[in-house]
Structures are given as C-alpha cells and as structure tokens.
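J.: Can you keep this structure in mind? I'll have questions shortly.
Just so you know, all these numbers are worked out from the coordinates, no wet-lab data involved. The model shown is predicted, which means the values in this text are computed figures rather than measured ones. Cβ placement follows ideal geometry from the backbone for every residue including glycine, while neighbour counts extend to all protein chains displayed.
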Amino acid sequence: MPDLKTLNGTETMEINIGISADDRKAIAEGLSRLLADSYMVYLKTHNYHWNVTGKLFHSLHEMFEEQYTELAEAIDVIAERIRALGYRAPGSFREYTEITSIEEDTDRPEALEMVRRLAVDNETIIRTAREVLPACDEAGDEASIDLLTQRLDVHSKTAWMLRSHLE
C-alpha cells in the first residue's frame, strides 16, 4: 500500500521514485532556472520574429519562428519534469524574472544584434543546463539527464547557427 500524507486536509501519495526528497528538490530548482531561461529566450525570439526588419528579414523571420516553436515545446517538457519530481513549476513572468539569467531587452535592436543576443542567450541556457547536471548525476536521475542532454544539443546547435550569421 502506498504511503499517504495529509496536505490541506487531503490525502496525497508520497513520491517514491528512488530519488531522495532533497535531491528531487535540488534538481527541480535547477530545472526551474532552466525553465525560466528557456521561457525568456522564447519570449525574446518570438519578439524578434515579429519585429525583425532589413535585408535579412525573410531568413531571420523564418529561423526565429523555428527556434521559438522548438522552445515552446521544450518549455512544456521541462515544466512537466519538474512536476514529475513533485514540485510546482514556476509559471509567471514575475517568477521567471526572479530566477532567470537572461537579460531582457531595453531597446529595439537591429537584425544582426538580435542574432548576436540570441546566440549569447542560447549559450546562457547551455551553462544553466550544465549547472543542473551534477545534481542529476549524483541522484541517478536519468530522465532529467536525458532532458538536459537534449537541451544541450539543441542550444549548442542553435548558438552555432546564430553565430554563423555573424561571420
């Protein structure tokens, strides 16, 4: 019979997935930072998609759309992993701005500056993902390691593609 606990007068099942509560918390906190960074880059990329102008308009407009579409799917996967670990996924702009490493625009950059900023932002996401890996490895959380490995691959490729526009 599963262990039950009472929360706000309602019985809930204890999470018993072979990862300690402390490890699950540390991983969920790291994934929350990754979620915040990913959401902020999603928002910035979507903004750039709408507002890019100039001779590179068509190619950048299309590329930004591919990138924000991929990010939208990733955001969902990251949030669901946080929930699977037993924690609430942050879901408001206020929460994201408190824990993100991504700089918000305060101006209206030109097309190539948009590209440069997104390259930097994708590299920031890579660093955030790398920061979470040791906790996942120590806890034997292969599902989170797999998620992070996929994110590292996508953001490495995206940063490379963006940097290539600047050469």
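J.: If you take every residue apart from E98 with its C-beta less than 13 Å away from the C-beta of E98, what net charge results, scoring Lys and Arg +1 and Asp and Glu -1?
T.: -2
J.: Jot down the per residue volume, in cubic angstrom and as a whole number, of the convex hull over the alpha-carbon atoms of the stretch 1-149.
T.: Hull volume normalised by residue count: 118 Å³.
J.: Using a/c under 1.5 as the rounded threshold, could you call the stretch 64-159 rounded, prolate or oblate? The axes a ≥ b ≥ c are square roots of the C-alpha gyration tensor eigenvalues, and prolate needs a/b larger than b/c, oblate otherwise.
T.: prolate
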